[in-house]
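Bear in mind that the values in this text are calculations on the coordinates, not laboratory data. Source: prediction; values computed, not measured. When we count neighbours, we look across all protein chains shown, and the Cβ atoms used for this are built from the backbone with ideal geometry, even at glycine.
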Amino acid sequence: MKTQDTTDPVIAAWTRFQRMHARLTDRLNREIARETGLSQADFEILCALIQQPDTPVRAFALRCGLEWEKSRLSHQLRRMEQRGLITRETCEEDNRSILIRVTPTGRSLAEAARHYYDGALRSYVADALTNEQIDALNAISAAITTQLGDPQHA
């Protein structure tokens, strides 16, 4: 088995980034689940929904915004509806479209999770980095997503 060349600065930086990202994501997911009972998938969907206060979101738009596969979103929405976090209804203008609404329970949990998430990010990221490092992280992320063709940064 061939080992990676960790003397290459690009490979070393990428390996360290992947390890950091995996550990941070895992820690945030575990802590949000412990504090609110929401999974990472629940949290992502609810955060997208609460950005549109009192406005339903088309499932297609939600799927595109999250960059999820149709079946993954469908299964997740079904589970969330069963738990009373969201409702699904047929769009009156287009019977093929499904509208997703966050319920009061879903909104309350999303807001609690968002508050907790923001505090955890401050603790794990902002407290570990200088303002210059945060600016560099932002610039690095923008440069790479632009290179990958992210329309939000093109």
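The number of residues in segment 29-52 that are outside any helix (DSSP H, G or I) and surrounded by fewer than 16 Cβ atoms within 10 Å (Cβ to Cβ) comes to 4. If the condition is being surrounded by 13 or more Cβ atoms within 10 Å (Cβ to Cβ), of a type in the set (A, V, I, L, M, F, W, C) and within 24 Å of LEU62 (Cα to Cα), then segment 122-154 contributes only ALA142.
Residues in segment 100-121 that are surrounded by fewer than 18 Cβ atoms within 10 Å (Cβ to Cβ), out of contact with any strand residue (DSSP E or B) (no Cβ under 6 Å at 6 or more places or on another chain) and of a type in the set (D, E, K, R): 3 in all.
Pull up segment 53-99, narrow it to residues that are part of a strand (DSSP E or B) and touching a residue at least 40 places away in the same chain (Cβ under 8 Å), then point me to the one that is surrounded by the most Cβ atoms within 10 Å (Cβ to Cβ).
Top of the filtered list is ILE86.
Pick from segment 115-137 the residues that are assigned to a helix (DSSP H, G or I) and among the polar types (S, T, N, Q): which of them is nearest to the chain's Cα centre (by Cα)? Residue satisfying both the conditions and the ranking: SER123.
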